[in-house]
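Okay, structure first, notes after.
The values are calculated or read from the model by the stated rules, or taken from the named source; none is laboratory data. Predicted, not measured: the structure shown is a model, and the values here were computed from it. Glycine gets a Cβ as well: all are built from the backbone with ideal geometry, and neighbour counts include every protein chain shown.
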Amino acid sequence: MTDEIARARKPSTAALHARLIETNWSLLLPILAEDTLIAMIAVGPKLSGDAFYRQDLDLLMTLANQAGVAIKNAQLYAAVTVANEYLENIAATMESGVVAINAVGRVAMFNRAAEHLTGLPAETTYGGPTSALPACLAEPLVATVADGQQRTQPEVELPMATAAADGPSSRPVICTISPVRDPAGTVLGAVAVFSDLTPLKELEVERRRAERLVYFQALASGIAHEIKNPLVAIKTFTQLLPRRLGDTRFLEEFGRISTREIDRIQRLLDRLRTLSRPAGGPRHPVDVRMPLTEALELVQPALEEKGLTMTAELGAEARVVLGNHQEMEELFLNLLLNAHDATPRGGVVAVELTRTETHVTIAVSDTGPGIAPDLLERVFEPFFTTKARGSGLGLAISAGIAQAHGARLRATNRPTGGASFTIEFPPAPMASAVVA
(Lines give C-alpha, C1' and ligand atoms only; values in the text may rest on other atoms or scores of the structure.)
Protein backbone atom coordinates (compact mmCIF):
# COMPACT_ATOMS: atom_id res chain seq x y z
CA MET A 1 0.00 0.00 0.00
CA THR A 2 1.39 3.42 -0.95
CA ASP A 3 0.30 5.01 2.35
CA GLU A 4 2.07 2.36 4.44
CA ILE A 5 5.33 2.82 2.49
CA ALA A 6 5.08 6.58 3.06
CA ARG A 7 4.63 6.11 6.83
CA ALA A 8 7.62 3.74 7.01
CA ARG A 9 9.97 6.59 5.93
CA LYS A 10 12.81 4.22 5.09
CA PRO A 11 15.53 5.28 2.63
CA SER A 12 15.25 1.93 0.85
CA THR A 13 11.58 2.46 0.02
CA ALA A 14 11.78 6.12 -1.03
CA ALA A 15 12.29 5.30 -4.70
CA LEU A 16 9.44 2.78 -4.62
CA HIS A 17 7.10 5.33 -3.02
CA ALA A 18 8.01 7.87 -5.68
CA ARG A 19 7.31 5.38 -8.42
CA LEU A 20 3.88 4.47 -6.98
CA ILE A 21 2.94 8.17 -6.77
CA GLU A 22 4.08 8.66 -10.34
CA THR A 23 1.94 5.80 -11.63
CA ASN A 24 -0.98 6.80 -9.37
CA TRP A 25 -1.16 3.37 -7.76
CA SER A 26 -2.48 3.16 -4.21
CA LEU A 27 -2.39 -0.59 -3.81
CA LEU A 28 -0.53 -3.60 -5.36
CA LEU A 29 -1.81 -7.16 -4.75
CA PRO A 30 0.16 -10.31 -5.77
CA ILE A 31 -1.47 -13.05 -7.83
CA LEU A 32 0.11 -16.36 -6.76
CA ALA A 33 -0.04 -19.87 -8.17
CA GLU A 34 1.58 -22.56 -6.03
CA ASP A 35 3.47 -19.85 -4.07
CA THR A 36 4.88 -18.39 -7.29
CA LEU A 37 4.16 -14.83 -8.39
CA ILE A 38 2.53 -14.97 -11.83
CA ALA A 39 0.85 -11.53 -12.02
CA MET A 40 -0.31 -8.57 -9.93
CA ILE A 41 -3.32 -6.29 -9.55
CA ALA A 42 -2.66 -2.54 -9.40
CA VAL A 43 -5.42 -0.41 -7.81
CA GLY A 44 -5.62 3.39 -8.04
CA PRO A 45 -7.00 5.71 -5.31
CA LYS A 46 -10.69 5.61 -4.47
CA LEU A 47 -12.74 8.23 -6.33
CA SER A 48 -14.12 9.28 -2.93
CA GLY A 49 -10.62 9.90 -1.64
CA ASP A 50 -11.18 7.55 1.32
CA ALA A 51 -8.51 5.14 2.52
CA PHE A 52 -8.64 1.39 1.91
CA TYR A 53 -10.18 -0.40 4.87
CA ARG A 54 -9.74 -4.00 6.03
CA GLN A 55 -12.91 -5.20 4.28
CA ASP A 56 -11.67 -3.58 1.06
CA LEU A 57 -8.38 -5.45 1.37
CA ASP A 58 -10.13 -8.75 2.11
CA LEU A 59 -12.32 -8.34 -0.98
CA LEU A 60 -9.37 -7.43 -3.18
CA MET A 61 -7.25 -10.35 -1.86
CA THR A 62 -10.15 -12.74 -2.53
CA LEU A 63 -10.27 -11.35 -6.07
CA ALA A 64 -6.51 -11.82 -6.43
CA ASN A 65 -6.68 -15.42 -5.19
CA GLN A 66 -9.49 -16.26 -7.59
CA ALA A 67 -7.60 -14.58 -10.41
CA GLY A 68 -4.56 -16.76 -9.56
CA VAL A 69 -6.66 -19.91 -9.73
CA ALA A 70 -8.26 -18.79 -13.00
CA ILE A 71 -4.90 -17.96 -14.62
CA LYS A 72 -3.41 -21.28 -13.49
CA ASN A 73 -6.42 -23.18 -14.83
CA ALA A 74 -6.11 -21.31 -18.12
CA GLN A 75 -2.43 -22.21 -18.32
CA LEU A 76 -3.19 -25.85 -17.56
CA TYR A 77 -5.99 -25.90 -20.12
CA ALA A 78 -3.67 -24.41 -22.73
CA ALA A 79 -1.00 -27.00 -21.89
CA VAL A 80 -3.56 -29.81 -22.12
CA THR A 81 -4.83 -28.45 -25.42
CA VAL A 82 -1.31 -28.31 -26.83
CA ALA A 83 -0.58 -31.81 -25.54
CA ASN A 84 -3.81 -33.15 -27.05
CA GLU A 85 -3.04 -31.52 -30.38
CA TYR A 86 0.46 -32.97 -30.23
CA LEU A 87 -0.87 -36.46 -29.50
CA GLU A 88 -3.51 -36.14 -32.22
CA ASN A 89 -0.85 -35.05 -34.72
CA ILE A 90 1.29 -38.04 -33.77
CA ALA A 91 -1.67 -40.41 -34.03
CA ALA A 92 -2.72 -38.88 -37.35
CA THR A 93 0.70 -39.46 -38.91
CA MET A 94 1.07 -43.03 -37.59
CA GLU A 95 0.72 -45.87 -40.09
CA SER A 96 -0.72 -48.04 -37.32
CA GLY A 97 -4.35 -47.74 -36.37
CA VAL A 98 -5.03 -46.21 -32.93
CA VAL A 99 -8.41 -46.57 -31.20
CA ALA A 100 -9.01 -45.44 -27.61
CA ILE A 101 -12.15 -45.73 -25.51
CA ASN A 102 -12.99 -44.12 -22.16
CA ALA A 103 -14.28 -45.77 -19.01
CA VAL A 104 -17.92 -45.57 -20.14
CA GLY A 105 -17.26 -47.24 -23.47
CA ARG A 106 -17.20 -44.27 -25.86
CA VAL A 107 -14.59 -43.95 -28.61
CA ALA A 108 -12.19 -41.20 -27.51
CA MET A 109 -9.61 -41.51 -30.31
CA PHE A 110 -9.83 -42.85 -33.85
CA ASN A 111 -6.94 -41.89 -36.12
CA ARG A 112 -6.72 -41.82 -39.90
CA ALA A 113 -4.95 -45.18 -40.11
CA ALA A 114 -7.75 -46.79 -38.06
CA GLU A 115 -10.28 -45.26 -40.47
CA HIS A 116 -8.35 -46.71 -43.43
CA LEU A 117 -7.83 -50.17 -41.92
CA THR A 118 -11.39 -50.65 -40.66
CA GLY A 119 -13.24 -48.78 -43.40
CA LEU A 120 -15.27 -46.92 -40.75
CA PRO A 121 -15.75 -43.12 -41.12
CA ALA A 122 -14.01 -41.19 -38.34
CA GLU A 123 -16.72 -38.51 -38.09
CA THR A 124 -19.39 -41.04 -37.04
CA THR A 125 -17.14 -43.41 -35.11
CA TYR A 126 -15.41 -40.83 -32.90
CA GLY A 127 -17.49 -40.28 -29.76
CA GLY A 128 -19.74 -43.23 -30.59
CA PRO A 129 -20.22 -46.48 -28.66
CA THR A 130 -17.57 -49.20 -28.63
CA SER A 131 -20.08 -51.57 -30.23
CA ALA A 132 -19.61 -49.67 -33.52
CA LEU A 133 -16.07 -51.04 -33.74
CA PRO A 134 -15.22 -54.48 -35.20
CA ALA A 135 -15.60 -57.21 -32.58
CA CYS A 136 -11.89 -58.10 -32.70
CA LEU A 137 -11.17 -54.55 -31.40
CA ALA A 138 -14.25 -53.85 -29.29
CA GLU A 139 -14.16 -57.02 -27.18
CA PRO A 140 -10.54 -56.79 -25.97
CA LEU A 141 -10.90 -53.03 -25.40
CA VAL A 142 -13.94 -53.55 -23.17
CA ALA A 143 -12.21 -56.44 -21.39
CA THR A 144 -9.11 -54.32 -20.71
CA VAL A 145 -11.23 -51.51 -19.25
CA ALA A 146 -12.89 -54.09 -17.01
CA ASP A 147 -9.79 -55.88 -15.68
CA GLY A 148 -6.93 -53.45 -16.45
CA GLN A 149 -4.88 -56.20 -18.17
CA GLN A 150 -2.79 -55.66 -21.29
CA ARG A 151 -3.63 -57.92 -24.23
CA THR A 152 -1.76 -58.87 -27.41
CA GLN A 153 -3.24 -60.54 -30.46
CA PRO A 154 -0.32 -61.69 -32.67
CA GLU A 155 -2.59 -62.10 -35.69
CA VAL A 156 -6.29 -61.48 -36.07
CA GLU A 157 -8.53 -60.93 -39.10
CA LEU A 158 -9.87 -57.36 -39.10
CA PRO A 159 -13.07 -57.08 -41.20
CA MET A 160 -13.36 -54.07 -43.50
CA ALA A 161 -16.66 -52.19 -43.41
CA THR A 162 -16.29 -50.79 -46.95
CA ALA A 163 -14.36 -53.47 -48.86
CA ALA A 164 -14.15 -53.19 -52.64
CA ALA A 165 -16.08 -55.74 -54.68
CA ASP A 166 -12.88 -57.32 -56.01
CA GLY A 167 -10.80 -56.65 -52.90
CA PRO A 168 -10.33 -58.51 -49.63
CA SER A 169 -13.14 -58.37 -47.06
CA SER A 170 -10.64 -58.47 -44.19
CA ARG A 171 -6.97 -58.02 -43.52
CA PRO A 172 -4.56 -59.62 -41.01
CA VAL A 173 -3.40 -57.29 -38.23
CA ILE A 174 -1.31 -57.52 -35.09
CA CYS A 175 -3.00 -55.74 -32.20
CA THR A 176 -1.92 -54.63 -28.71
CA ILE A 177 -4.44 -53.33 -26.18
CA SER A 178 -3.24 -51.44 -23.10
CA PRO A 179 -5.12 -49.83 -20.20
CA VAL A 180 -5.00 -46.05 -19.68
CA ARG A 181 -4.58 -45.14 -16.00
CA ASP A 182 -4.48 -41.96 -13.93
CA PRO A 183 -1.60 -41.27 -11.48
CA ALA A 184 -3.50 -43.16 -8.77
CA GLY A 185 -3.74 -46.27 -10.97
CA THR A 186 -7.46 -46.05 -11.73
CA VAL A 187 -8.36 -47.34 -15.21
CA LEU A 188 -9.67 -44.43 -17.29
CA GLY A 189 -9.98 -46.33 -20.56
CA ALA A 190 -8.05 -48.49 -23.01
CA VAL A 191 -6.15 -47.96 -26.25
CA ALA A 192 -5.63 -50.41 -29.11
CA VAL A 193 -2.74 -50.09 -31.56
CA PHE A 194 -2.97 -52.37 -34.59
CA SER A 195 -0.82 -52.72 -37.72
CA ASP A 196 -1.55 -54.25 -41.11
CA LEU A 197 0.35 -57.52 -41.67
CA THR A 198 -0.55 -57.75 -45.37
CA PRO A 199 2.82 -56.38 -46.62
CA LEU A 200 4.67 -58.77 -44.32
CA LYS A 201 2.52 -61.66 -45.56
CA GLU A 202 3.32 -60.73 -49.16
CA LEU A 203 7.03 -60.57 -48.35
CA GLU A 204 6.78 -63.97 -46.68
CA VAL A 205 5.14 -65.43 -49.78
CA GLU A 206 7.89 -63.95 -51.96
CA ARG A 207 10.56 -65.31 -49.61
CA ARG A 208 9.07 -68.79 -49.69
CA ARG A 209 8.78 -68.63 -53.47
CA ALA A 210 12.44 -67.65 -53.71
CA GLU A 211 13.44 -70.41 -51.29
CA ARG A 212 11.47 -72.99 -53.31
CA LEU A 213 13.14 -71.78 -56.50
CA VAL A 214 16.59 -72.12 -54.95
CA TYR A 215 15.62 -75.54 -53.58
CA PHE A 216 14.43 -76.81 -56.96
CA GLN A 217 17.50 -75.38 -58.67
CA ALA A 218 19.71 -77.29 -56.24
CA LEU A 219 17.53 -80.38 -56.64
CA ALA A 220 17.68 -80.23 -60.46
CA SER A 221 21.42 -79.66 -60.38
CA GLY A 222 21.94 -82.59 -58.02
CA ILE A 223 19.75 -84.94 -60.06
CA ALA A 224 21.52 -83.94 -63.27
CA HIS A 225 24.93 -84.56 -61.68
CA GLU A 226 23.99 -87.93 -60.18
CA ILE A 227 22.41 -89.22 -63.41
CA LYS A 228 25.08 -87.79 -65.71
CA ASN A 229 27.91 -89.93 -64.33
CA PRO A 230 26.31 -93.35 -65.00
CA LEU A 231 24.96 -92.13 -68.35
CA VAL A 232 28.46 -91.10 -69.46
CA ALA A 233 29.73 -94.62 -68.78
CA ILE A 234 26.81 -96.24 -70.62
CA LYS A 235 27.14 -93.79 -73.54
CA THR A 236 30.87 -94.50 -73.87
CA PHE A 237 30.31 -98.25 -74.14
CA THR A 238 27.39 -97.76 -76.53
CA GLN A 239 29.55 -95.67 -78.89
CA LEU A 240 32.24 -98.39 -78.92
CA LEU A 241 29.75 -101.22 -79.36
CA PRO A 242 29.49 -101.17 -83.24
CA ARG A 243 33.28 -101.54 -83.59
CA ARG A 244 33.70 -104.23 -80.92
CA LEU A 245 30.78 -106.54 -81.47
CA GLY A 246 33.14 -109.50 -81.79
CA ASP A 247 35.00 -108.77 -78.55
CA THR A 248 33.46 -111.15 -76.01
CA ARG A 249 35.33 -109.60 -73.07
CA PHE A 250 34.17 -106.13 -74.06
CA LEU A 251 30.56 -107.28 -74.30
CA GLU A 252 30.74 -108.88 -70.86
CA GLU A 253 32.23 -105.72 -69.36
CA PHE A 254 29.63 -103.61 -71.16
CA GLY A 255 26.80 -105.71 -69.74
CA ARG A 256 28.26 -105.65 -66.22
CA ILE A 257 28.95 -101.88 -66.13
CA SER A 258 25.68 -100.94 -67.82
CA THR A 259 23.68 -103.05 -65.34
CA ARG A 260 25.59 -101.51 -62.40
CA GLU A 261 25.07 -97.94 -63.60
CA ILE A 262 21.39 -98.53 -64.36
CA ASP A 263 20.96 -99.95 -60.85
CA ARG A 264 22.68 -96.81 -59.56
CA ILE A 265 20.14 -94.61 -61.37
CA GLN A 266 17.32 -96.83 -60.06
CA ARG A 267 18.54 -96.43 -56.46
CA LEU A 268 18.72 -92.65 -56.95
CA LEU A 269 15.13 -92.58 -58.24
CA ASP A 270 13.96 -94.73 -55.33
CA ARG A 271 15.56 -92.33 -52.85
CA LEU A 272 14.03 -89.33 -54.63
CA ARG A 273 10.64 -91.02 -54.41
CA THR A 274 11.17 -91.48 -50.67
CA LEU A 275 12.23 -87.84 -50.34
CA SER A 276 9.09 -86.63 -52.13
CA ARG A 277 6.75 -88.74 -49.97
CA PRO A 278 8.22 -88.96 -46.47
CA ALA A 279 4.78 -88.94 -44.81
CA GLY A 280 3.06 -91.64 -46.81
CA GLY A 281 2.58 -94.34 -44.16
CA PRO A 282 -0.12 -94.57 -41.47
CA ARG A 283 0.69 -93.56 -37.89
CA HIS A 284 0.33 -96.05 -35.05
CA PRO A 285 1.71 -96.30 -31.50
CA VAL A 286 5.21 -97.77 -31.94
CA ASP A 287 7.78 -98.71 -29.32
CA VAL A 288 10.68 -96.73 -30.76
CA ARG A 289 13.11 -99.41 -29.57
CA MET A 290 11.77 -101.90 -32.17
CA PRO A 291 12.64 -100.06 -35.43
CA LEU A 292 15.83 -98.80 -33.77
CA THR A 293 16.92 -102.34 -32.87
CA GLU A 294 16.23 -103.56 -36.42
CA ALA A 295 18.29 -100.69 -37.86
CA LEU A 296 21.14 -101.55 -35.47
CA GLU A 297 21.04 -105.19 -36.61
CA LEU A 298 21.21 -104.17 -40.26
CA VAL A 299 24.22 -101.87 -39.79
CA GLN A 300 26.12 -104.14 -37.37
CA PRO A 301 28.00 -106.12 -40.08
CA ALA A 302 29.21 -102.92 -41.76
CA LEU A 303 30.43 -101.57 -38.42
CA GLU A 304 32.29 -104.78 -37.62
CA GLU A 305 33.88 -104.91 -41.08
CA LYS A 306 35.27 -101.39 -40.55
CA GLY A 307 36.46 -102.21 -37.03
CA LEU A 308 34.06 -99.88 -35.26
CA THR A 309 32.60 -100.37 -31.80
CA MET A 310 28.89 -99.79 -31.27
CA THR A 311 27.24 -99.00 -27.94
CA ALA A 312 23.47 -98.85 -27.51
CA GLU A 313 21.56 -97.77 -24.39
CA LEU A 314 17.88 -98.38 -25.15
CA GLY A 315 16.54 -98.99 -21.65
CA ALA A 316 14.22 -101.74 -20.43
CA GLU A 317 10.91 -99.82 -20.68
CA ALA A 318 8.89 -99.22 -23.82
CA ARG A 319 9.20 -95.76 -25.39
CA VAL A 320 6.00 -95.31 -27.37
CA VAL A 321 5.51 -92.70 -30.10
CA LEU A 322 2.99 -92.30 -32.92
CA GLY A 323 4.71 -93.23 -36.17
CA ASN A 324 5.31 -95.59 -39.04
CA HIS A 325 7.60 -98.52 -38.25
CA GLN A 326 9.23 -98.76 -41.70
CA GLU A 327 9.80 -95.02 -42.05
CA MET A 328 11.33 -94.82 -38.56
CA GLU A 329 13.64 -97.76 -39.34
CA GLU A 330 14.82 -95.97 -42.49
CA LEU A 331 15.37 -92.78 -40.48
CA PHE A 332 17.54 -94.59 -37.90
CA LEU A 333 19.37 -96.57 -40.59
CA ASN A 334 20.30 -93.38 -42.46
CA LEU A 335 21.69 -91.82 -39.29
CA LEU A 336 23.65 -94.97 -38.38
CA LEU A 337 25.12 -95.28 -41.87
CA ASN A 338 26.06 -91.60 -41.77
CA ALA A 339 27.85 -92.20 -38.44
CA HIS A 340 29.56 -95.29 -39.95
CA ASP A 341 30.88 -93.28 -42.89
CA ALA A 342 32.09 -90.41 -40.68
CA THR A 343 33.92 -92.55 -38.09
CA PRO A 344 37.51 -93.68 -38.78
CA ARG A 345 38.58 -97.27 -38.17
CA GLY A 346 38.74 -98.10 -34.48
CA GLY A 347 36.16 -95.44 -33.56
CA VAL A 348 32.87 -95.69 -31.70
CA VAL A 349 29.24 -95.23 -32.79
CA ALA A 350 26.95 -94.65 -29.80
CA VAL A 351 23.14 -94.77 -29.61
CA GLU A 352 21.27 -93.50 -26.57
CA LEU A 353 17.50 -93.52 -25.97
CA THR A 354 16.04 -91.31 -23.23
CA ARG A 355 12.63 -89.96 -22.27
CA THR A 356 11.36 -86.85 -20.54
CA GLU A 357 7.81 -85.66 -19.87
CA THR A 358 7.70 -83.93 -23.25
CA HIS A 359 9.98 -85.92 -25.59
CA VAL A 360 11.38 -89.33 -26.50
CA THR A 361 14.95 -88.60 -27.60
CA ILE A 362 17.34 -90.73 -29.67
CA ALA A 363 20.94 -89.56 -30.03
CA VAL A 364 23.29 -91.13 -32.61
CA SER A 365 26.89 -90.02 -32.00
CA ASP A 366 30.24 -90.81 -33.60
CA THR A 367 33.92 -90.14 -32.93
CA GLY A 368 34.68 -88.74 -36.37
CA PRO A 369 36.01 -85.29 -37.25
CA GLY A 370 32.64 -83.59 -36.65
CA ILE A 371 30.87 -81.08 -38.89
CA ALA A 372 32.28 -77.70 -39.84
CA PRO A 373 30.27 -75.03 -37.93
CA ASP A 374 29.30 -73.22 -41.13
CA LEU A 375 27.85 -76.47 -42.55
CA LEU A 376 25.65 -77.47 -39.59
CA GLU A 377 22.62 -75.71 -41.11
CA ARG A 378 23.15 -77.28 -44.54
CA VAL A 379 23.62 -80.97 -43.76
CA PHE A 380 19.88 -81.67 -44.27
CA GLU A 381 19.72 -80.04 -47.72
CA PRO A 382 19.15 -82.45 -50.66
CA PHE A 383 22.35 -83.34 -52.56
CA PHE A 384 24.55 -81.56 -50.04
CA THR A 385 27.34 -83.91 -48.99
CA THR A 386 30.96 -83.80 -47.88
CA LYS A 387 31.56 -87.40 -48.95
CA ALA A 388 33.45 -88.19 -52.13
CA ARG A 389 30.81 -90.71 -53.32
CA GLY A 390 27.73 -89.61 -51.38
CA SER A 391 24.42 -88.64 -52.98
CA GLY A 392 23.48 -86.14 -50.26
CA LEU A 393 19.97 -87.57 -49.91
CA GLY A 394 20.20 -89.68 -46.73
CA LEU A 395 20.00 -86.84 -44.21
CA ALA A 396 17.45 -84.94 -46.34
CA ILE A 397 15.20 -88.02 -46.29
CA SER A 398 15.77 -88.38 -42.55
CA ALA A 399 14.75 -84.76 -41.97
CA GLY A 400 11.58 -85.30 -44.02
CA ILE A 401 10.63 -88.43 -42.07
CA ALA A 402 11.28 -86.69 -38.75
CA GLN A 403 9.15 -83.70 -39.74
CA ALA A 404 6.32 -86.01 -40.84
CA HIS A 405 6.36 -87.57 -37.36
CA GLY A 406 6.24 -84.20 -35.61
CA ALA A 407 9.83 -84.79 -34.47
CA ARG A 408 12.80 -82.46 -34.43
CA LEU A 409 16.11 -83.58 -35.97
CA ARG A 410 19.22 -81.60 -35.05
CA ALA A 411 22.93 -81.88 -35.81
CA THR A 412 25.55 -80.74 -33.31
CA ASN A 413 29.24 -81.27 -32.58
CA ARG A 414 30.22 -83.05 -29.37
CA PRO A 415 32.60 -81.25 -26.99
CA THR A 416 34.80 -84.37 -26.90
CA GLY A 417 34.91 -84.66 -30.70
CA GLY A 418 32.66 -86.10 -33.37
CA ALA A 419 29.09 -85.29 -34.41
CA SER A 420 25.76 -86.09 -32.76
CA PHE A 421 22.34 -86.30 -34.46
CA THR A 422 19.41 -85.98 -32.07
CA ILE A 423 15.77 -86.80 -32.82
CA GLU A 424 13.08 -85.62 -30.40
CA PHE A 425 9.71 -87.39 -30.83
CA PRO A 426 6.57 -86.28 -29.00
CA PRO A 427 5.43 -89.23 -26.83
CA ALA A 428 2.23 -91.06 -27.69
CA PRO A 429 -0.80 -90.75 -25.38
CA MET A 430 -0.58 -93.03 -22.33
CA ALA A 431 -3.57 -95.15 -23.42
CA SER A 432 -2.12 -95.99 -26.86
CA ALA A 433 -1.61 -99.67 -27.59
CA VAL A 434 1.69 -100.56 -29.27
CA VAL A 435 1.45 -102.01 -32.79
CA ALA A 436 3.98 -104.81 -33.34
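A few remarks follow.
- Taken as a whole, the condition of being charged (D, E, K, R) and at pLDDT 80 or above does not apply to residue 211.
- Checking residue 172 against (1) outside any strand (DSSP E or B); (2) surrounded by fewer than 17 Cβ atoms within 10 Å (Cβ to Cβ), the condition it does not meet: (1)
- Some residue of the stretch 293-311 being without any contact (Cβ under 8 Å) to a residue 60 or more places away in the chain and within 38 Å of the chain's Cα centre (by Cα): no
- Qualifying residues in the stretch 74-118 (those that are among the polar types (S, T, N, Q) and closer than 21 Å to residue 197 by Cα) - the one surrounded by the most Cβ atoms within 10 Å (Cβ to Cβ): 118
- Taking the stretch 410-427 as the range and being among the hydrophobic types (A, V, I, L, M, F, W, C) and surrounded by fewer than 22 Cβ atoms within 10 Å (Cβ to Cβ) as the test, only 411 passes.
- Residue match in the stretch 266-277 (condition: touching a strand residue (DSSP E or B) at 6+ places or on another chain (Cβ under 9 Å), modelled with pLDDT under 85 and outside any helix (DSSP H, G or I)): no
- If the condition is being of a type outside the set (A, V, I, L, M, F, W, C) and within 25 Å of residue 212 (Cβ to Cβ), then the stretch 331-385 contributes 334, 374, 377, 378, 381, 382, 385.
- When the residues of the stretch 1-36 are filtered to those that are in a loop (DSSP other than H, G, I, E, B) and over 22 Å from residue 64 (Cβ atoms), the one that is farthest from the chain's Cα centre (by Cα) is 9.
Here is a yes/no grid of residues against (1) assigned by TED's automatic domain parsing to the domain that holds residue 419; (2) more than 22 Å from residue 283 (Cα to Cα); (3) of a type outside the set (A, V, I, L, M):
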{"residue": "316", "(1), (2), (3)": "yes, yes, no"}
{"residue": "330", "(1), (2), (3)": "yes, no, yes"}
{"residue": "343", "(1), (2), (3)": "yes, yes, yes"}
{"residue": "347", "(1), (2), (3)": "yes, yes, yes"}
{"residue": "350", "(1), (2), (3)": "yes, yes, no"}
{"residue": "361", "(1), (2), (3)": "yes, no, yes"}
{"residue": "368", "(1), (2), (3)": "yes, yes, yes"}
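- Residue identified as in a helix (DSSP H, G or I) and either assigned by TED's automatic domain parsing to the domain that holds residue 186 or at pLDDT 90 or above (or both) among 146, 161: 146
- Filtered residues of the stretch 57-110 (kept if within 21 Å of residue 158 (Cβ to Cβ) and of a type in the set (Phe, Trp, Tyr)): 110
Residue-by-condition table, conditions (1) out of contact with any His (no Cβ under 9 Å at 6 or more places or on another chain); (2) at pLDDT below 85; (3) part of a loop (DSSP other than H, G, I, E, B); (4) not basic (Lys, Arg):
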| position | (1), (2), (3), (4) |
| --- | --- |
| 312 | yes, no, no, yes |
| 334 | yes, no, no, yes |
| 368 | yes, no, yes, yes |
| 380 | yes, yes, yes, yes |
| 389 | yes, yes, yes, no |
| 397 | yes, yes, no, yes |
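- Scanning the stretch 44-90 for residues that are out of contact with any Asp or Glu (no Cβ under 8 Å at 6 or more places or on another chain), modelled with pLDDT of 80 or more and among the small types (Gly, Ala, Ser) yields 44, 48, 49, 64, 67, 68, 70, 74, 78, 79.
- Put simply, of 39, 100 the only residue that is outside the structural domain of residue 159 (by TED's automatic domain parsing), in a strand (DSSP E or B) and touching a Gly at 6+ places or on another chain (Cβ under 8 Å) is 39.
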